[in-house]
Every structure is written in C-alpha cells, then in structure tokens.
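Student: Handing you this structure, nothing more for now.
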Amino acid sequence: MAEEEPVRRLGVVFSSPFPGEAFVSWVDTVAASLRVSRAAALRTLGLPGSARFSTHQFHLSPEQLEGLRRRTGLRPAQVERMLFRFYAPTALPQLAEDNGSIAQGARVSQPWLRRDHSAACPLCVEASGGRWLLGWRLKWTFLCADHLVYLVDRCPRCGLRLYWRLEATGAGQRTHCVRPAARNGRGGRRLGTTVCGFPVAEMPALPVGDEEAVHVQRRVQALLTLADVSHNRPRAACCSSSS
Ligand SMILES: [Zn+2]
Ligand SMILES: [Zn+2]
C-alpha cells in the first residue's frame, strides 16, 4: 500500500489526505476506513452530518478547522487545500468576496465548477485506490496529463454523472458508480438497494492524441494551483515585487 502514514487522534486512525484530494473524497475515505456512513464520518470529524454537506466543500469556519485539527491533527492549510475555497485566487474569485465571509456557497455563480458531481481519470482512481481530486471539480480540468486521457464524467452503463454529492450515495462511489440502476420504475428509487455498480477504474477514457492539448492543460493547471507554489515558498524570500 502506498498510502501515507495515517493520522492518529482520539484512539481513531484517520486516513491522510491524498495530494490534491477533494474534501468529499477524503471524508468518504475516512467513512470507508471506519466502516460508517458519510454522515457518521462527518460527525466523527466534528462537522454536521446533514444534507447541507455540500457547503463544506466550499469552505470551513475557523472553529471547524480547529475542531478538525484537534480530532485529526491536520493543519488548517491542509484542509483548505481540499476545499473549493483553494481556487478563490484563481478560478473561483467569487469565493473571495467579502474578505472570506462566504454565504455558504449556496448562491455562488459557478461557470467553471462541477458543483454536484466530479469528472475523473479512471486510471488515477485505480492507482490511488479511490481518491478523487479537487481539480477534477473544475471544468478547466479536461484531461489527465499523467495518463494522457480525457477525463470521464458520466458512467458508460447508466449515463449518470459520477460522484454525485448527495449523501445517500455514500462512500462506495469512490470506486464504483452507485447511482440507482432503475431510473423510471416506480420502486426504483426506494431503499437504493439496486445500484449500477460499474467500476470507475474500468470506465473507458478517450486517449489524448493532441500534444498541444496536454501542454494547454499543464499550463492551465499551473495557473490554477498558484497557491501550491506560494505555500512552498520560504516566507522571507517572497514579495519583493508585485508584477
Ligand atoms: Zn490519470
Ligand atoms: Zn452507472
């Protein structure tokens, strides 16, 4: 297993975030490792395990970040790297309004955001054991420059979007399509016992034949993750020039 060393707190072992992982994916990884529902995992992490969960993908309050630090040992910067807020300086400037006080993300205009689902590189999902990247939630991310395939965002069997945010779909969607198999039958939505089940790792992804597309994606990626660069820069060595 190539997993990073897990974080231990309160007698519970929490999986560490994967580099670039989205918050919802990490929560689901925690849920899967603890063998509990996503809602229960959120409560274990000190967050409301409610249907309003999607707001936590935008930002967390300082109190919630501190609660996570106490429970998991994760620094606030590590958690914020998993939230949409990370892209406020670049792709999602609307999240930077009001100096950080975001209206729960509910009314945010989102032309570049896959808000309620995710695209994915099936080969990355397979290699990471089911970690979904925050960058895949941006429409700016259209291919995987590591595996040279275009991202997929719909299940080839049922045609529904991947990694739907609703809690009912649960942690299983890290590796499989768990959308309801019966879309039109009267009982199709009851209990959720019948799911599509198509493995994400086996979803066919279109190979990238255009080298220029890879260059463009790499360039866009670099522009979108400026915050990663400034995070790693020694504090005293920056800020000598504004242009
Ligand atoms: Zn990939
Ligand atoms: Zn499906």
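The values are calculated or read from the model by the stated rules, or taken from the named source; none is laboratory data. All of these numbers come straight from a predicted model, not from anything done at the bench. Glycine also receives a Cβ, built like all others from the backbone with ideal geometry; neighbour counts cover every protein chain displayed. Just the protein is used for accessible areas: all its heavy atoms, side chains included, with ligands, DNA and RNA removed. Shrake-Rupley method; radii C 1.70, N 1.55, O 1.52, S 1.80 Å.
Student: So between Ser61 and Glu202, what do we pick up on full extension, going 0.36 nm a residue minus the alpha carbon distance?
Tutor: Result: 47.0 nm gained on full extension.
Student: At a probe size of 1.4 Å, how large is the accessible area of Phe14, to the nearest 10 Å²?
Tutor: The accessible area of Phe14 comes to roughly 0 Å².
Student: Contour minus end-to-end for Asp228 and Trp112, with contour as 0.36 nm per residue of separation and end-to-end as the Cα-Cα distance?
Tutor: The Asp228-Trp112 span can extend by a further 39.8 nm.
Student: Give me the accessible area of Leu224, 1.4 Å probe, in Å² rounded to the nearest 10.
Tutor: Accessible area, nearest 10 Å²: 20 Å².
Student: So, one more: Could you report the accessible area of Met82 in Å², rounded to 10, computed with a 1.4 Å probe on the protein chains as they sit in the structure?
Tutor: Met82 exposes around 10 Å² with every protein chain in place.
Student: Please list, in chain and number order, the residues 5+ apart from Glu21 or on another chain whose amide H is under 5 Å from its amide H, with Hs placed from the backbone.
Tutor: The answer is Leu134.
Student: Could you check the spin-label model distance between Arg75 and Ala213? Points 7 Å from the Cα along Cα→Cβ, value in nm.
Tutor: Placing both labels 7 Å along Cα→Cβ, they lie 3.8 nm apart.
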